[in-house]
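See below for the structure under consideration.
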Amino acid sequence: MDFGSRILFEIPIFGGMPFTETIVITWIIGAVLVGLSIIFVRNFENVPKGVQNVIELIVEAINDLVAQTMGKDKMGFAPYIGTLFIFLTVANIVGLIGVRPPTADLNMTFALAALTFVMTHYFGAKRKGLGGYLKSFAEPIPVMLPMNIVGELANPVSLSFRLFGNIIGGVVIMTLAYQGLSAVSGMIGLEAFPIFQAGIPIFLHAYFDIFAGVLQSFIFVMLTMVFIGMAMD
Amino acid sequence: MESSNFIIDFLEWLMSFERDALILAGSAIGAGFAMIAGIGPGIGQGLAAGKGAEAVSYNQKNAKKSTLVMLLGSAVAETSGILALVVALILLFMNPLVGVEGTGLVLGASAIGAGLSMIAGIGAGIGQGYAASKGTEAVGKRPKLQPAIVRTMFLGQAVAQTTGIYALIVALVLMFINPFV
């Protein structure tokens with residue numbers, strides 16, 4: 001049984017570049033989010049009505065979160081944090097429509113964690129100056145230097161594996177649950193009518209897709225903000 | 001003399017099996033051992049839940065903040081269990097050792113070792129859960145300081161995770177970049 005991301009097609013450059021489910025679904029999510037953004041931003045009015053209310057609610061919530069977690073002087077990060085949060089939430093929840101979540105691929109989560117890693121050290125070095133930033137690894141005692149370095153390297157590993165592990169755990173359990181339910185339907189001779197698969201998996205979806213998906217994306221975003229904020233302070 | 005003959009007899013009996021049988025047997029044992037790591041997050045999240053209930057009891061107005069901090073801390077404490085589950089699932093469904101060229105006994109033992117290594121997650125789970133419990137209690141007492149408390153809690157939990165990550169690295173090395181073949 002293979003739970004990996006299937007290769008959908010290959011482009012014959014550089015000796016055949018494979019394009020997996022992850023990449024194609026990410027394209028679709030990106031296109032949908034960009035399309036919705038363009039549609040909703042078309043007629044902004046001073047007194048918001050309808051959908052604009054919801055959009056303003058979301059933007060205000062994200063701005064407040066960034067201001068609280070990172071401090072008011074770092075509001076420049078709010079667009080990236082907002083994008084990351086919305087993309088991760090949508091990516092984790094697509095399991096609800098029967099599509100394999102792109103975050104169930106370690107390549108995707110590691111890419112996002114690598115982004116956080118690069119941002120942490122780049123902005124930390126930019127704010128404190130390269131020498132000052134490197135010196136801060138030898139605090140509070142110089143003998144802590146190797147442990148601080150390993151700690152910093154462990155951050156993207158644990159960020160990526162936490163998100164990957166939670167989502168792939170959900171994928172595996174949902175696959176096994178659906179196969180088990182179809183086996184039960186088969187046993188009572190109702191193979192063509194997937195009755196058991198109609199209502200029972202709702203609770204599994206509610207926990208693994210919605211609850212775990214939203215919570216894990218929130219944790220990823222909070223940890224990103226905390227790491228960047230602490231590197232810059 | 002008899003006892004050492006017994007060990008040699010046992011090893012020779014093991015090596016009389018098919019190569020794949022040894023690897024799969026080791027994987028099965030390893031997958032089971034890996035899930036022992038569930039002890040840690042269980043205890044840790046229980047600590048956090050207890051403190052969360054206590055925090056809500058003496059500050060009901062800010063119950064949402066306390067509950068949010070408890071959930072965040074518990075979700076981070078869950079990481080060790082998730083990493084152990086990933087290793088167990090890899091051993092069960094995407095076994096990387098079956099196709100590798102090498103002695104069956106060594107690869108089977110590597111699979112058992114990979115599973116045993118994840119037991120280190122118990123410490124990280126309990127520790128992070130303890131941090132979550134103290135964070136929840138603090139937010140219950142002083143809800144206005146929630147951002148600062150949550151930042152420190154996350155930082156402490158990230159440091160506490162490191163030995164769990166070391167264990168994961170050893171398990172991954174044993175499974176994917178096995179140095180003994």
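What follows draws every value from the coordinates through simple rules; no lab data is involved. The structure displayed is predicted, hence computed values, not measured ones. Cβ: placed from backbone, ideal geometry, glycine included. Neighbour counts: every protein chain shown.
Does A:Phe203 count as in a loop (DSSP other than H, G, I, E, B) and over 21 Å from A:Ala113 (Cα atoms)?
no
Is it true that B:Leu105 is without any contact (Cβ under 8 Å) to a residue 40 or more places away in the chain and part of a helix (DSSP H, G or I)?
Spelling it out, it is not the case that B:Leu105 is without any contact (Cβ under 8 Å) to a residue 40 or more places away in the chain and part of a helix (DSSP H, G or I).
Restricting to the stretch B:23-47, count the residues that are within 14 Å of another protein chain (Cβ to nearest Cβ) and under 25 Å from B:Ala158 (Cβ atoms).
6
Return yes or no: is B:Thr136 more than 12 Å from chain A (Cβ to nearest Cβ), crowded, with 18+ Cβ neighbours inside 10 Å, hydroxyl-bearing (Ser, Thr, Tyr) and closer than 30 Å to A:Met232 by Cβ?
Spelling it out, B:Thr136 is indeed more than 12 Å from chain A (Cβ to nearest Cβ), crowded, with 18+ Cβ neighbours inside 10 Å, hydroxyl-bearing (Ser, Thr, Tyr) and closer than 30 Å to A:Met232 by Cβ.
When the stretch B:4-27 is examined, which residues are found to be loosely packed, with under 15 Cβ neighbours inside 10 Å, assigned to a helix (DSSP H, G or I) and in contact (Cβ under 8 Å) with a residue 24 or more places away in the chain?
Within the stretch B:4-27, B:Leu11, B:Met15, B:Ala21 qualify.
Before we move on, is A:Leu163 away from chain B (no Cβ under 11 Å), in a helix (DSSP H, G or I), within 20 Å of A:Thr22 (Cα to Cα) and in contact (Cβ under 8 Å) with a residue 60 or more places away in the chain?
no
Which numbered condition in (1) within 12 Å of chain B (Cβ to nearest Cβ); (2) of a type outside the set (Asp, Glu); (3) within 18 Å of A:Gln216 (Cβ to Cβ) is the only one that A:Phe110 fails?
Among (1) within 12 Å of chain B (Cβ to nearest Cβ); (2) of a type outside the set (Asp, Glu); (3) within 18 Å of A:Gln216 (Cβ to Cβ), the lone unmet condition for A:Phe110 is (1).
Looking at A:Pro140 and the list (1) outside any helix (DSSP H, G or I); (2) more than 14 Å from chain B (Cβ to nearest Cβ); (3) farther than 26 Å from A:Phe218 by Cα, which single condition is not satisfied?
Only one criterion in (1) outside any helix (DSSP H, G or I); (2) more than 14 Å from chain B (Cβ to nearest Cβ); (3) farther than 26 Å from A:Phe218 by Cα is unmet by A:Pro140, namely (2).
Quick check on the stretch A:8-17. Is at least one of its residues touching a residue at least 12 places away in the same chain (Cβ under 8 Å), part of a strand (DSSP E or B) and surrounded by fewer than 14 Cβ atoms within 10 Å (Cβ to Cβ)?
There is at least one residue in the stretch A:8-17 that is touching a residue at least 12 places away in the same chain (Cβ under 8 Å), part of a strand (DSSP E or B) and surrounded by fewer than 14 Cβ atoms within 10 Å (Cβ to Cβ).
What is the residue count in the stretch A:1-57 for residues that are within 14 Å of chain B (Cβ to nearest Cβ) and not aromatic (Phe, Trp, Tyr)?
Result for the stretch A:1-57: 5.
Going by what's in this entry, would B:Leu91 be described as touching a residue at least 60 places away in the same chain (Cβ under 8 Å) and within 13 Å of chain A (Cβ to nearest Cβ)?
Against the criterion (touching a residue at least 60 places away in the same chain (Cβ under 8 Å) and within 13 Å of chain A (Cβ to nearest Cβ)), B:Leu91 qualifies.
Residue by residue through the stretch A:179-233, note down the ones that are at the interface with chain B (Cβ under 10 Å from one of its Cβ atoms) and under 30 Å from A:Lys126 (Cβ atoms).
A:Gln216, A:Phe218, A:Ile219, A:Met222, A:Leu223, A:Met225, A:Val226, A:Phe227, A:Gly229, A:Met230, A:Asp233
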